[in-house]
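To start, the structure itself, in structure tokens.
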């Protein structure tokens, strides 16, 4: 049974109805922000994210980092988020995800998700994402995403989108391999 | 960033590749079964369903009962599950759900979901669902669903679907009101 | 197989490592805000929230409103969120939820969740919650929650918590019944 | 606000109450089955698993494969599932997951999850998992899990658990590297 909703005959008037005073607005920070080429967003851990071990369930980190990727594209105006609407079909789909879990996140934690573009090829995009709590890294992920058309077929990244992503491409410095443990 | 997958260039050969022996088949019980007019299906509680209190998170009961409703329609051949495909647009969407929580389900529990049709009008359907563990009721829900067309607009339930649902309509016996607590 | 993480031997240095410049801080709005006695918080709809019908899956509204309730308790300093830690056992669990779906939320929507306390008895709390998009109500819910101790047994709401909740109790005005459709 | 449930004063009598006839039992296949050393389980794709692109959301594959791993441990009697209860603390937590997405799963699909043990060291376990639909592989994952004690600290795999896992250890044959694409 599908789950959705059809329009009501009349507008309900809940107890929580808006007053006549100016209503609150969504905060400017709702989609995070760019810290140079790195997208940064904070999220709270709620009950829904945790499991019976008292920690965030491992699959839910993939939700956190997907929100961050989507908001990075939103702030950069890519694909569905393109301001003039000309590139709505520039859709990226995840082809591979490697995720490491270093320390658990728990209920009420405030997490900081940092996302950077680490690779850009003809039809694929590579990102590195990290989940921090109070400056300590809890998890890191490497994502390979492919550009597809509206039918899901692989396609080249358009010049317009490429240009925007190019600005985010982080210069890779020699570093200790995170995953060589 | 949307999450999907495009076709690979070649079929991978995982370690878990199928052997040449006859492969296992999905069990006949995958969609539950009808116990007279009542649909019955068993489900396991996994980590994903629980939260930091060690119990099933309250929203996840709505997932359990939606699986059950969908499987009831599947077994009854309604809408998208119609064998001759003529009624694919008979879609039901939830307009109201009232759910009571009597006792918590926990990790590894085997739950039994029982679903019955309790009302049938021109364009809406009413169901009662209950979640049991070892014969004890943990939760009950009353669902009102509306029939909609493919654009989400309310429509009458077609005669074909109505006939199938009519067979499931449970005669309501006088009973103690579950919710009169 | 349980899903968690043990501490790594050394701290990884992801590409997204913090720079030496002052790091961004979580926004003040992370937990929403009080609009008089009503808690208000904005949330974005992500892919994880939607389903194959292109709309927010019905159970996920229960996630949205639980986040809002938790943040209302957080801002009010109740139970686990009590500043001096003396009331950590004042836990509220949902006993009944009635939710109506008037119109669907979709991908990328910004939702406004408004929560008000509508009833307060010896051991139970009643709330009304509404989900808006651009001033239009999409869904409303009535919640009855019971106070329990750390073993999950019903207990009276403590005087300290009661006092805080009393301040939030919305005077109920005569109004058209939302659900008398 | 935490989400759980306290015991009701009296047992409700839902419309779906059990009849006096023999009730249905959970199917023997609820936890899947062993196909030699490989665990096999079938799962249905429901609305909750899909997203607005009409496909299974990428994080939900991690739910599917976690269910399969848990059921493999259940059938093998490991840790929490040990029949004599002596090894309840043998808990495995995921330290790394690499997942590839080859083709999307969709609503109503019946998926077959195959899980094999591919590595066994002093304190870690390696598994390979694959998601099939009608014999076609949609996704594969490599999992590294660490054994931890009840406080989450790394510990050696006990001899008893090791022996059980040893029986599942799949001999690795030379094969084309799945991931060398």
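The values are calculated or read from the model by the stated rules, or taken from the named source; none is laboratory data. Since the model is a prediction, treat every value here as computed from it, not as a measurement. No Cβ is skipped: glycine too gets one built from the backbone with ideal geometry, and neighbour counts run over all protein chains shown.
Please state which one of B:76, B:124, B:115 is touching a helix residue (DSSP H, G or I) at 6+ places or on another chain (Cβ under 7 Å) and farther than 24 Å from residue B:48 by Cα. It is B:76.
Filtered by the rule that a residue be surrounded by fewer than 23 Cβ atoms within 10 Å (Cβ to Cβ) and either assigned to a helix (DSSP H, G or I) or within 13 Å of chain C (Cβ to nearest Cβ) (or both), region A:92-101 gives A:93, A:98.
Results for (1) within 14 Å of chain A (Cβ to nearest Cβ); (2) part of a strand (DSSP E or B); (3) touching a strand residue (DSSP E or B) at 6+ places or on another chain (Cβ under 8 Å); (4) surrounded by fewer than 22 Cβ atoms within 10 Å (Cβ to Cβ), shown as yes or no for each residue.
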residue	(1), (2), (3), (4)
C:122	no, no, no, yes
C:126	yes, yes, yes, yes
C:131	yes, yes, yes, no
C:137	yes, yes, yes, no
C:143	yes, yes, yes, no
C:147	no, yes, yes, no
C:150	yes, no, yes, yes
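Looking across region D:44-69, the residues that are under 27 Å from residue D:151 (Cβ atoms) and touching a helix residue (DSSP H, G or I) at 6+ places or on another chain (Cβ under 7 Å) come down to D:62, D:63, D:66. The residues of region D:31-78 that are assigned to a helix (DSSP H, G or I), within 14 Å of chain A (Cβ to nearest Cβ) and closer than 23 Å to residue B:31 by Cβ, listed by number, are D:47, D:48, D:49, D:60, D:61, D:63, D:64, D:65, D:66, D:67, D:68, D:70. Suppose we keep only residues that are modelled with pLDDT of 95 or more and under 22 Å from residue B:114 (Cβ atoms) within region D:11-59. Which one would you say is farthest from the chain's Cα centre (by Cα)? Here the answer is D:47.
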